[in-house]
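This report concerns only the one structure given below.
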Amino acid sequence: MTGDTATNRQILLDHLPQGRLDESSFRAQEVARPEPGPGQVLVRTRYLSIDAANRAWMQGATYRDALAGGDVMAGGSLSEVVTSNDAVTLNEAGLVPGDIVESDHGWQEWAAVPAKRLTKVDVRGELSHHMSVLGVTGLTAYVGLLQIGRPVAGETVLVSAAAGAVGNVVVQLARIAGCKVIGVAGSPEKCAWLVDELGCDAAVSYREPSFFKALKAVCPDGVDVYFDNTGGTILGAALSLMNLGGRIVCCGVVSQYDTSNPEPGPRGVPGLIVTKRLRVEGFIVMDGWDDHPERCTEATDALADGSLKAFEDVVEGLDAAPGALVDLRAGGNVGKRLVHVS
Ligand code: NAP
């Protein structure tokens, strides 16, 4: 954080990574603070969201345009409205200085953003919660698990990247739904956290040599809902354990993001999908955007009564963002990783 309000510090994606992402793919630069043009609002970044998908956007077009070398690194933020070029713009957007908005202007301290691309946040409690349980992360878990997975009490729900941002909320929602919950994560420490802190019935590390055997042992009744954050070998194992009529919620493929050569899908597709009558369905969080206010209220109530907890992993300062993303890929986070910018 420069603290200098005339300067805008930015983190650029210097070049697209070949193979594994490291911090050398990024560089910082300082430019003049932008002046808002017609219809634009000047915002100051408070928190940046560090997401597994940040790396996927470097692989090519996804649900958004691919990133290119020289771009300001893309990413969502919670930002504060500072001013506009005219009062009409703020009025039409229903904003006043000091309001908090969701903005997609990337890794920089300041941005002049068209008012119509800002979403006002009705701040409830801690601001950072609007990036974890009350924000896009929480909505992803709600939409994916409840609308697509449709768990029923007593069923077994398996969750990969279970200690991560989306995963930990899915685990908590599955518990609230009365399900048996099995988590998969990348270390014995995370597995212990999943059981002791998050309330998973069991957790298995996908790095164990006998991963499939260990997973099968903790799913004696098979799996009814698999919430797939990873793809790869964990998806392959889950397919073998699915019960008849099971649901696979395809949320993301984090095991295949940090490479220029993603692996093909697992064996057993489509054979196991056919014989087990599985429903395998992908989604993007925006599919559930209209329900966001209602989900936010549900999550706020659940936070208040203690049935839901916000697990956040906050890193300090804009310059720490590249390292925070590289480390996320390596599994360094527990819960939602954020960068506190100002
Ligand atoms: P996150 O889970 O907080 O962080 C990513 C985690 O992935 C890491 O902590 C790491 O934990 C795990 N991981 C890394 N490499 C792995 C590998 N090779 N195999 C298995 N696990 C690996 O990140 P997130 O932002 O919440 O994203 C989770 C998933 O949700 C991603 O696939 C993302 O694309 C998806 N997502 C989808 C939507 C949507 O709209 N569909 C929206 C948001 C997020 P370990 O220590 O356990 O390895």
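To keep it simple, each residue is scored yes or no on (1) out of contact with any helix residue (DSSP H, G or I) (no Cβ under 6 Å at 6 or more places or on another chain); (2) open to solvent by 20 Å² or more (accessible area, probe 1.4 Å); (3) among the hydroxyl-bearing types (Ser, Thr, Tyr); (4) part of a helix (DSSP H, G or I).
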{"position": "PRO293", "(1), (2), (3), (4)": "yes, yes, no, yes"}
{"position": "CYS296", "(1), (2), (3), (4)": "yes, no, no, yes"}
{"position": "THR300", "(1), (2), (3), (4)": "yes, yes, yes, yes"}
{"position": "ALA304", "(1), (2), (3), (4)": "yes, yes, no, yes"}
{"position": "LEU308", "(1), (2), (3), (4)": "no, no, no, no"}
{"position": "VAL314", "(1), (2), (3), (4)": "yes, yes, no, no"}
{"position": "ASP327", "(1), (2), (3), (4)": "yes, yes, no, yes"}
{"position": "GLY331", "(1), (2), (3), (4)": "yes, yes, no, no"}
{"position": "ARG337", "(1), (2), (3), (4)": "no, no, no, no"}
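Against the test of being surrounded by fewer than 21 Cβ atoms within 10 Å (Cβ to Cβ), closer than 11 Å to TRP107 by Cα and either of a type outside the set (S, T, N, Q) or in contact (Cβ under 8 Å) with a residue 12 or more places away in the chain (or both), the options ALA87, ALA61, ALA68, ALA74 yield a single qualifying residue, ALA74. Anything in segment 173-196 that is under 23 Å from ALA214 (Cβ atoms) and in contact (Cβ under 8 Å) with a residue 60 or more places away in the chain? List them, or say none. Correct list: ALA185, GLY186, SER187, LYS190, TRP193. Here VAL136 does not qualify as open to solvent by 40 Å² or more (accessible area, probe 1.4 Å) and either without any contact (Cβ under 8 Å) to a residue 24 or more places away in the chain or small (Gly, Ala, Ser) (or both).
Answer with yes or no whether THR297 is more than 16 Å from the ligand (Cβ to nearest atom), within 17 Å of GLY125 (Cα to Cα) and without any contact (Cβ under 8 Å) to a residue 60 or more places away in the chain. Judged against the criteria, THR297 is a match.
Listed conditions (1) under 21 Å from VAL123 (Cα atoms); (2) at pLDDT 95 or above are all met by LEU278, apart from (1).
Taking segment 165-281 as the region of interest, the helices (runs of 4 or more DSSP H) fully inside it that hold 1 or more residues being open to solvent by less than 30 Å² (accessible area, probe 1.4 Å), among the aliphatic types (A, V, I, L, M) and away from the ligand (no atom under 13 Å from the Cβ) are 165-176, 211-218, 232-241. Among the residues of segment 19-35, the ones that are more than 27 Å from the chain's Cα centre (by Cα) and open to solvent by less than 20 Å² (accessible area, probe 1.4 Å) come to 0 in all.
The residues in segment 150-162 that are within 26 Å of SER187 (Cα to Cα) and either among the aliphatic types (A, V, I, L, M) or crowded, with 23+ Cβ neighbours inside 10 Å (or both) can be counted, and the count is 7. Please go through segment 282-291 and pick out each residue that is open to solvent by 50 Å² or more (accessible area, probe 1.4 Å) and part of a loop (DSSP other than H, G, I, E, B). Selection gives ILE284 alone. Does GLU23 meet the test of being at pLDDT 95 or above and in contact with a Pro (Cβ under 6 Å, 6 or more places away or on another chain)? The answer is yes for GLU23.
Here is the figure for segment 316-325: residues that are crowded, with 20+ Cβ neighbours inside 10 Å and within 16 Å of the ligand (Cβ to nearest atom) total 4.
The values are calculated or read from the model by the stated rules, or taken from the named source; none is laboratory data. Keep in mind that this is a model prediction, so the values were computed, not measured. Because the Cβ atoms are built from the backbone with ideal geometry, glycine has one as well, and the counts that use them run over all protein chains shown. The protein model used for the area step is the full one, side chains on, heavy atoms only, and it has no ligands, DNA or RNA in it. Shrake-Rupley method; radii C 1.70, N 1.55, O 1.52, S 1.80 Å.
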